[in-house]
Amino acid sequence: MMIVFLGPPGAGKGTQAATVSKAKNIPHISSGNLLRESVESGTETGKKAQSYIEKGLLVPDEIVVAIIKDRIVKSDCKGGFVLDGFPRTLAQAKVLDGELKKIGSKIDIVFYFAVSKDSVVLRLSGRLICSSCGANYHVSFVPPQKAGLCDNCGGNLCQRSDDKKETVLERLRVYQEQTEGLIDYYKKNGILKEVSSDKNIDDISKDIFLIIK
Ligand code: AMP
């Protein structure tokens, strides 16, 4: 099953994508995680992407598209995937449709995570991520078992530099300007399902699993 998670930063896409990935045994592909990995490892792509990420701006389409194209042709994606944070522009959405068509496939469902600005700010200001595997935590909502350490891999948890308040507000503005239009694009394709994300994590998961079974 090919699934896309669409919604503003801090809507809970990453958390839910990890759950769906585990339950359905399909890879969780986060464009943000892939970009952060390339920044960490100092690749040419990472060097180009870094300043955009730090400012809360979108990384140019050609860079992100190249990363995603490489990832979705890997053999573990044959049975499907959950795309988290991609596409974020109409151009990206069109490339994704085209790439999937080439392999006789298509997106089955796009989940749109509807969430209030207050929840977003609350979630992002307390978010922690694992510097090794990218897993998401929250100081109050999803605390790790041992403070500062990842439950999955034991890596160090840290705050993302783009989760500080000014950058969060910029990311929300960029979302409204460049990504929100995708809601209509997928609605017209008849594959959009809206889930309310102003709920606790388990209730959002229940809503998602009612749809994907
Ligand atoms: P995320 O982890 O999804 O919040 O993404 C973190 C940052 O990575 C974003 O603020 C962008 O700078 C960049 N990014 C992630 N996905 C994309 C995308 N699909 N298009 C452009 N930039 C992206």
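The values are calculated or read from the model by the stated rules, or taken from the named source; none is laboratory data. If you're wondering where the values come from, they're calculated on a predicted model, not measured in any experiment. As a convention, Cβ positions derive from the backbone with ideal geometry for all residues, glycine included, and neighbour counts pool all protein chains shown.
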* If the Cβ limit is 6 Å and pairs must be 6+ apart or interchain, which residue in the stretch 184-210 that is closer than 18 Å to Met2 by Cα and at pLDDT 95 or above pairs with which residue that is charged (D, E, K, R) and assigned to a helix (DSSP H, G or I)? -> Val195/Asp207
* State yes or no: is Ala17 surrounded by 23 or more Cβ atoms within 10 Å (Cβ to Cβ) and closer than 30 Å to Phe209 by Cα? => yes
* Just name the residue that is nearest to Lys165 (Cα to Cα) out of those in the stretch 46-77 that are part of a loop (DSSP other than H, G, I, E, B) and near the ligand (Cβ under 9 Å from one of its atoms). => Gly56
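Looking at the stretch 78-89, which of the residues that are more than 8 Å from the ligand (Cβ to nearest atom) and at pLDDT 95 or above is nearest to the chain's Cα centre (by Cα)?
Here the answer is Leu83.
Yes/no matrix, rows are residues, columns are (1) within 27 Å of Lys188 (Cα to Cα); (2) in contact with a His (Cβ under 9 Å, 6 or more places away or on another chain):
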| residue | (1), (2) |
| --- | --- |
| Ala17 | yes, yes |
| Gly42 | no, no |
| Val59 | yes, no |
| Ile72 | yes, no |
